Ligand SMILES: [Ca+2]
């Protein structure tokens, strides 16, 4: 991997990180190689510098503690308001009939893959406001790949971050630096306007992280 260089495209870079962690670093446990790759991704996206412990990590980085925002268990913790028919009943305990294999969730999860219209189901969900009490937001996302199936972070009506799956039902962990939104009330918006194969988004385990005292 000595000649690996992260893509100039952010979405592709995020999928590269997922792929490297799941399929390369997991089979080649080498701390110096991992830290070299981490530095390449931080150089490509300086907003990751202050939260670099989350880059190429899937667990709980030392020195950080998380607060759960929604894990979609027992009907979920946040209130989500639906537009369109596709996301009226988005919670499920397992893949729906016809849905691509899902991994990375814990228990129930949210998906825009419809019970009846499958990948042709479309719609959007907007969360109630939540206050950012930390510096990092993470969650698991699958589906995709395109901007037609995305989750967005809204500051007022402005989209300040967005993410999609990596053209796979299997979920990757998204890491957003939300330092500059600390103390603000934001909303999450899930959008699915794709009717194509893999035209859905799945979501689980939304957390906000703060540095341990
Ligand atoms: Ca869950």
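If each residue of separation counts as 0.36 nm, what is the full-extension length gain between residue 30 and residue 5 once their alpha-carbon separation is subtracted? Please report the intermediate quantities before stating the final value.
Numbers: separation 25, 0.36 × 25 = 9.00 nm, distance 1.80 nm.
Full-extension gain reported as 7.2 nm.
Taking the average, over residues, of other Cβ atoms within 10 Å as the packing measure, peptides 7-15, 102-110, 200-208 rank 200-208, 102-110, 7-15 from highest down. Under 10 Å, Cα contacts only: if you run a Gaussian network model on the chain, which one of 164, 94, 32 comes out with the highest mean-square fluctuation? Top of the fluctuation ranking is 32.
Nearest 10 degrees is fine. How inclined is helix 31-44 to the longest principal axis of the chain, computing both from alpha carbons? Tilt of helix 31-44: around 70 degrees.
The packing ranking, built from the mean of other Cβ atoms within 10 Å per residue, places the peptides 39-51, 81-93, 140-152 in the order 140-152, 81-93, 39-51, highest first. Please compute P(r) over all alpha-carbon pairs of segment 10-54, binned at 5 Å starting from zero, and give each bin as a whole-number percent. Reading upward from the zero bin: 5, 22, 31, 27, 12, 2. Indicate the gyration tensor shape class of segment 15-146 (rounded, prolate or oblate), computed on the Cα atoms with a ≥ b ≥ c the square roots of the eigenvalues: a/c under 1.5 is rounded; otherwise a/b larger than b/c is prolate and the rest oblate. Verdict is prolate for segment 15-146.
The convex hull around the C-alpha trace of segment 64-211, projected and averaged over every direction, spans 7.7 square nanometres. Tilt of helix 10-19 relative to the longest C-alpha principal axis of the chain, in degrees (0 to 90, nearest 10)? Approximately 80 degrees, to the nearest 10.
Taken together, the values in this text are just the output of simple stated rules run on the coordinates, not laboratory data. Keep in mind it's a predicted model, so treat the numbers as computed, not measured. Don't worry about glycine lacking a Cβ; one is built from the backbone with ideal geometry, like all the others, and counts go over all protein chains shown.
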